[in-house]
1. Just check the stretch 30-143 against the gyration tensor rule for me: Cα atoms, a ≥ b ≥ c as the square roots of the eigenvalues, rounded for a/c under 1.5, and otherwise prolate or oblate depending on whether a/b exceeds b/c.
2. Label Gln65 and Val81 with points 7 Å out from Cα along Cα→Cβ: what is the distance between them in nm?
3. Mind listing the phi-derived Karplus ³J(HN,Hα) values for the stretch 111-116, rounded to whole Hz, using 6.51, -1.76 and 1.60 with θ = phi - 60°, and x for any glycine or proline?
4. Mean separation of Cα pairs under 8 Å and 6+ residues apart, divided by the residue count of the stretch 30-143: what relative contact order is that in percent?
5. Lys and Arg at +1, Asp and Glu at -1: add these up for the other residues within a Cβ distance under 15 Å of Lys55 and post the number.
6. Going by a ≥ b ≥ c, the root eigenvalues of the Cα gyration tensor, does the stretch 82-145 fall in the rounded group (a/c under 1.5), the prolate group (a/b larger than b/c) or the oblate group?
7. Treat every Asp and Glu Cβ in the stretch 30-143 as -1 and every Lys and Arg Cβ as +1, leave all other atoms uncharged, and give the resulting dipole magnitude about the Cα centre to the nearest 20 debye.
8. Within the set Lys60/Lys142; Lys55/Lys129; Lys55/Lys142, which residue pairs have Cα atoms separated by over 18 Å?
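We did not get these values from a lab; they are worked out from the coordinates using the rules stated. All values reported here derive from a predicted model rather than from experimental measurement. No Cβ is skipped: glycine too gets one built from the backbone with ideal geometry, and neighbour counts run over all protein chains shown.
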Amino acid sequence: MRKSQMFMAVAAITLAATFWGLPGCNRHQSPEERIVRNLDYVGYFLDLTEQQRGKLNEVKNEILQARRAMRDERQVMLNEVITQVESDRINQASVLDLLDQHNALMRQAAPQVIAKVSELHATMTPEQKAEAVEHLTWFKEKWMR
């Protein structure tokens, strides 16, 4: 096989893998769609009962509701970040205030979400908890290096 044929073969394989792989990366999904997909996956790998799936749906709904409630505030914060980047100098106090606002929004939404997660956790079997720990450990080792 000549070099040009080899190059074309490698290029074709790379191009095909890229186009077939892109739909699988889920970057085309909205954050809300990714939340739904990821929580559905949790239900699958933990082999949840119907009652537990109902609890998981409550968790999902609470997360989505909190996200919708914070949408306007996130837009205002992003506009401020854009203004800061456009300026000659970044006002550090203003950026720290934005961070405080973000943390306050998260603290406001967290108790409701945590309460729903706690309700789901209370219904889980020891085997399901062990499986959840196994997946969390994998996630920690893979993504939290």
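1. Details: a/c = 2.77, a/b = 2.23, b/c = 1.24.
Verdict is prolate for the stretch 30-143.
2. 2.7 nm
3. These are the phi-based 3J(HN,Hα) values: x, 5, 5, 4, 4, 5 Hz.
4. Values: 38 pairs, mean separation 46.7, N = 114.
Computed over the stretch 30-143, the figure is 41 percent.
5. On the way: positive: Arg53, Lys60, Lys116, Lys129; negative: Asp40, Asp47, Glu50, Glu58, Glu62, Glu119.
Cβ neighbours under 15 Å give a net charge of -2.
6. Details: a/c = 5.81, a/b = 2.09, b/c = 2.78.
Taking the square roots of the gyration eigenvalues as a ≥ b ≥ c, the stretch 82-145 is oblate.
7. Details: 15 positive and 19 negative charges, 18 e Å.
Charge dipole, the stretch 30-143, about its Cα centre: 80 debye, nearest 20.
8. Working: Lys60/Lys142 24 Å; Lys55/Lys129 15 Å; Lys55/Lys142 28 Å.
Beyond 18 Å between Cα atoms: Lys60/Lys142; Lys55/Lys142.
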